[in-house]
Amino acid sequence: MANKHGEFIWYELMTRDPDAAKSFYDEVVGWNIGEQMPGDMDYRMIAAGEEYVGGVFGLTDDMCEQGARAAWLGYVGVDDVDATAAKLQELGGSLLMPAMDLPDVGRIAMVADPQGVPFYIMRGAVEDGTSTAFKPMANGHCSWNELTTSDQGSALSFYGQLFGWESKEAMSMGEAGEYKLLEHHGTQFGAISPLMNEGQPSIWTYYFHVPDIEAAKGKVEARGGKIAYGPHEVPGGEYIIISADPEEVLFALVGPKRR
């Protein structure tokens, strides 16, 4: 695996209706979500142009009865899945799904941070393979990874010890606190935000880049999604919207305003 330990390398949508997800996200983000891959599971690859950036995993009724729910989950690349999972638990995180090998794909484990926010850790099977799923400014790729959490200090300590993430800059959010920018090996890739509303859950939100934020907003609404926030201008001159798809799964978009 050519990506450094602690880099986001994949994004996965868990959904009860992969066909509906394809119809929505292909139109909104500009992806090409493929057909179901061979096997018992309904898994489909997300292509942004000629590069794969994630997957769509179809949830079965049995999975949902066991507590699975529709959501976006990020994969963080690690040098050793088992050692990282053990350290994660020592730091107060939890193991949601034991480490397992996926033939020709790699070794993965589903985990959660001390505030209960889920994500995956993964070691890819291809030693010289490099993921470009996180590629700021590239349409269809993830441009920003944002953790909204009830305990910024605990989260920063946890992820810092686990992945080497640091926060050297922050932006004031008034009475809400600070928006702490995250960097890894000198590259900013996301932030840790305080909760903005009482009852708001701690969650990772992933921002996918689009060529026209106003056009994307219109497509979200036309396809049965909802706009929770924005368009809002962010540093650098681009705009963001935070949205929910028709299954009420939270995601975000970032891009220029063409109109």
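The values are calculated or read from the model by the stated rules, or taken from the named source; none is laboratory data. Bear in mind that the values here come from a model prediction, so they are computed numbers and not experimental data. Cβ atoms come from the backbone with ideal geometry, glycine included; neighbour counts cover every protein chain shown. Calculation scope for accessible area: heavy atoms of the full protein, side chains included, ligands and nucleic acids excluded. Shrake-Rupley method; radii C 1.70, N 1.55, O 1.52, S 1.80 Å.
Assorted remarks:
- Proximal lysines to K87, defined as alpha-carbon separation beneath 16 angstrom and excluding residues fewer than eight positions away on the same chain: none
- Within region 117-222, the GluC sites (Glu not before Pro) that combine a DSSP coil assignment with at most 14 other C-beta atoms in a 10 angstrom radius are E127, E198.
- Electrostatic dipole magnitude of region 35-77 [Cβ: Lys, Arg +1; Asp, Glu -1; Cα centre; debye, to 20]: 200 debye
- In the structure shown, the pairs K22/K226; K168/K257; K180/K219; K22/K168; K22/K257; K180/K257 are assessed against 27 Å; a Cα-Cα span above that value is assigned to K168/K257; K180/K219; K22/K168.
- Alpha-carbon centroids, region 32-84 and region 102-158: separation in whole Å: 12 Å
- Scaled radius of gyration (Cα, divided by 2.2 N^0.38 Å) that region 41-196 gives: 1.09
- Cβ-derived FRET efficiency at R0 41 Å, D62 paired with E221, nearest 0.05: 0.75
- The residues K135, K180, sorted by heavy-atom accessible surface at 1.4 Å with ligands and nucleic acids left out, run K135, K180 from largest to smallest.
- Taking the protein heavy atoms of region 102-229 in the context of the full set of protein chains, the accessible area attributed to carbon and sulfur is 50 percent at 1.4 Å.
- Over region 165-254, the alpha carbon radius of gyration divided by the compact-protein estimate 2.2 N^0.38 Å works out to 1.17.
- Accessible area of F8 in the full protein assembly, 1.4 Å probe (Å², nearest 10): 10 Å²
- Spin-label pair K257-D104: with each label point 7 Å from Cα along the Cα-Cβ axis, the two points sit 4.7 nm from one another.
- Among Q161, F57, V78 - extreme Cα towards positive end, dipole of region 36-163, charges at beta-carbon: Q161
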